[in-house]
């Protein structure tokens with residue numbers, strides 16, 4: 001069945017002219033206007049219809065309008081207003097121009113036109129007209145439906161009196177502006193009118209009403225319901241806000257809290273975020289779950305203070321059975337919306353009495369549980385509920401909640417993965433650092449290590465290494481970078497330092513060997529053509545309690561701080577040296593004498609580096625913290641960290657080592673110069689035994705005689721003069737040292753049956769706790785340690 005349109009083709013004069021000016025169409029309205037029949041004009045130039053002598057050019061652009069004199073069939077000139085439209089090409093034909101004009105006898109009369117009267121009354125747009133006193137003069141049926149009252153009851157009232165709300169007063173101020181300025185105004189508002197059950201978003205378009213002389217006599221108000229657009233903008237704004245606010249840190253709990261904060265009150269009145277504990281599933285969240293499900297409360301948020309709707313506190317766990325919104329949405333793998341009115345929440349209320357009590361007390365009427373899923377893993381569930389907002393959750397709310405939760409899930413998973421990697425690196429770092437510092441007679445030590453707040457575990461390390469002769473080495477280093485690789489490199493360097501320290505290398509020589517190791521590590525990592533791919537800094541100090549002298553060398557590391565008794569702290573003047581890993585550059589050491597009770601502070605640059613402070617300011621704060629009551633090294637460590645580090649943690653990891661020096665009394669050390677005569681070995685054995693009697697160590701006299709005899713004999717036979725014998729008495733150890741100027745060190749070997757020599761050092765190794773040799777600037781020293789007390793078994 002064809003549709004009949006109420007169009008009168010003859011009510012408009014219409015013609016079409018092609019691009020070369022030929023008339024190709026001519027309708028009945030054109031014939032009525034000019035009297036020419038179609039067969040008389042079609043196919044002929046359109047200029048023949050022009051009354052003037054001049055031929056105007058064809059119009060340009062896409063539209064043209066103007067008055068033209070046209071020739072009537074009876075010869076008279078008819079002035080005609082024409083509207084011309086440029087027609088695009090179609091079906092291979094040229095476009096041309098369409099010319100139209102309305103016929104005068106076909107135009108409706110404006111006087112007593114019923115359509116003009118119905119334009120206001122029957123318009124689907126809510127329209128109201130206010131006079132110059134801003135009192136309602138007239139409104140249509142659409143506006144009466146919005147307000148909820150008939151026009152007869154409201155005529156003569158002001159807008160603020162009709163609405164009775166603050167929003168109505170704001171709209172009335174807009175009417176006043178239009179009335180006084182004569183300029184239109186648009187106002188957007190969100191309000192509930194008397195004819196609505198809930199608030200809507202409105203665009204109020206206000207325009208002045210003028211009389212025939214142009215004077216403003218009133219204001220016309222047209223109200224457009226833009227709720228859908230308003231809510232769409234709100235949802236888009238909330239998604240954008242979520243992308244900015246959620247995931248500001250790599251912390252799982254903080255990210256969950258940000259998700260809850262973004263959604264309250266924009267989407268829900270009360271939100272809980274419950275996460276799975278990966279340890280319950282072998283370290284990784286499962287892809288699918290079955291009820292019951294154990295969840296841990298990560299975060300929650302409410303429009304009410306103190307979150308009174310919550311049954312669980314953050315950190316607590318609970319097992320959710322089938323029928324609870326949390327378990328149902330997790331097992332189903334999609335969002336579930338429930339309401340009290342629909343009866344969907346009854347199993348939940350029957351399962352948990354405390355939750356049922358809170359639902360009734362706060363009037364919770366609707367819930368929406370959304371699984372928190374990312375990368376194919378289920379991380380937990382977000383539960384949204386409403387009690388202050390009367391409207392239930394809609395499908396649009398579900399899409400919005402899923403979009404925000406999905407974004408948050410990726411951030412939570414990133415934080416979870418980062419936390420796991422950080423914990424792994426931290427465990428590796430802790431395992432590679434000394435658990436406790438050794439107790440030595442040379443010094444008292446205390447240390448601290450803090451990983452970076454954001455960058456994670458790095459390659460900072462510290463160590464205290466006992467050496468021969470009661471000396472002790474202190475080392476602090478910093479590997480470039482963060483993460484597991486930096487921790488592993490740190491472990492290799494710390495092991496290398498201990499190995500090199502065990503052979504009693506001088507500090508500058510030790511750093512040279514360590515530099516070679518870092519260069520090799522850089523080559524192994526693929527940076528062979530670029531020295532420094534694996535970089536580190538280090539400071540190494542050796543303290544001798546007998547001489548009270550400390551030798552320090554550093555490789556691109558901050559200098560130690562020295563706090564001598566009764567003096568202010570100051571940086572130790574030691575050559576900086578290049579960082580480790582550059583290769584081929586020399587290191588220098590410096591030696592200083594330290595009174596007993598001197599505090600040495602060795603640290604990494606993460607302690608003093610700050611974006612908010614100048615380096616000199618940080619160093620001054622360090623000096624002040626060290627100088628304030630340095631009686632307890634543990635308390636001093638805590639004070640230093642509290643003073644220099646921000647509350648949120650340092651930007652780089654920090655290692656701090658504090659050591660207070662001790663000295664050995666002269667009465668505990670005895671030294672003899674040995675002549676180059678093997679026959680005099682016996683008298684010096686006797687002197688050694690006499691010294692042991694003086695110290696009250698007669699029980700080790702026999703062993704000491706054997707050790708002294710062997711070491712002194714070897715020095716006389718194989719060494720160079722001068723030769724020196726030294727005994728050092730510690731609380732639990734007796735140390736015997738023999739020094740000479742030869743650089744040739746003895747080594748332990750197993751003698752054959754008929755060998756005359758080769759058994760002396762083997763005997764020394766069997767009788768002593770440990771023994772060894774170390775090179776000195778003058779030659780070498782062979783040492784042996786004898787325990788004075790049996791170890792506890």
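Structure notes:
- Helix 507-522 vs. the chain, principal-axis angle (Cα, 0 to 90°, nearest 10): 40
- Take the Cα of residue 394, step 7 Å toward its Cβ, do the same at residue 228, and the gap between the two points is 1.0 nm.
- From the alpha carbon centroid of the stretch 258-318 to that of the stretch 347-381 is 9 Å.
- C-alpha long axis of helix 615-627 to longest principal axis of the chain, angle in °: 50
- For the stretch 428-507, the relative contact order comes to 31 percent (Cα pairs under 8 Å, sequence separation of at least 6).
- If you plug the beta carbon distance of residue 331 and residue 306 into 1/(1 + (r/R0)^6) with R0 = 35 Å, you get a FRET efficiency near 0.60.
- Each residue, residue 778 and residue 717, gets one label point 7 Å from its Cα in the Cβ direction; the gap between the two is 2.4 nm.
- Highest mean packing comes first when the peptides 24-36, 202-214 are listed by Cβ atoms within 10 Å, giving 24-36, 202-214.
- Sorting 152-160, 75-83, 14-22 by their mean Cβ neighbour count within 10 Å, with the most densely packed peptide first, gives 14-22, 152-160, 75-83.
- The distance separating the Cα centre of the stretch 448-513 from that of the stretch 563-606 comes to 15 Å.
- When the square roots of the Cα gyration tensor eigenvalues are ordered a ≥ b ≥ c, the ratio a/c for the chain is 1.5 or more and a/b exceeds b/c, which makes its shape prolate.
- Cβ-based exposure ranking for 522, 632, in which fewest neighbours within 10 Å come first: 632, 522
- Global geometry of the stretch 228-377, whether rounded, prolate or oblate, following the gyration tensor of its Cα atoms and the 1.5 cut on a/c: rounded
- Degrees between helix 633-644 axis and first principal axis of the chain (Cα, 0 to 90, nearest 10): 30
- Cut-off 12 Å (backbone N to label point 7 Å along Cα→Cβ of residue 199), residues of the stretch 261-279: 266
- Between the beta carbons of residue 339 and residue 243, assuming R0 = 22 Å, the FRET efficiency works out to 0.15 to the nearest 0.05.
- Modelled spin labels at residue 72 and residue 693, positioned 7 Å past Cα toward Cβ, are 15.9 nm from each other.
- Extension gain from residue 642 to residue 702, taking 0.36 nm per residue of separation minus the Cα-Cα distance: 16.2 nm
- Once C-alpha pairs closer than 8 Å and six or more residues apart are averaged by separation and normalised to the residue number of the stretch 434-661, the relative contact order reads 26 percent.
- The relative contact order of the chain comes to 6 percent, based on Cα pairs under 8 Å that sit 6 or more residues apart.
- Judged by the mean number of other Cβ atoms found within 10 Å, the most tightly packed of the peptides 310-316, 375-381 leads the ranking 375-381, 310-316.
- Cα gyration tensor shape of the stretch 137-178, rounded if a/c is under 1.5, else prolate or oblate by comparing a/b with b/c: prolate
- Computed E for residue 628/residue 261 - FRET, C-beta separation, R0 41 angstrom, nearest 0.05: 0.50
Every read-out reported here was derived from the displayed coordinates using simple, explicitly stated rules and does not represent laboratory data. All values reported here derive from a predicted model rather than from experimental measurement. With ideal geometry, Cβ positions are generated from the backbone for all residues, glycine too; neighbour counts draw on all protein chains shown.
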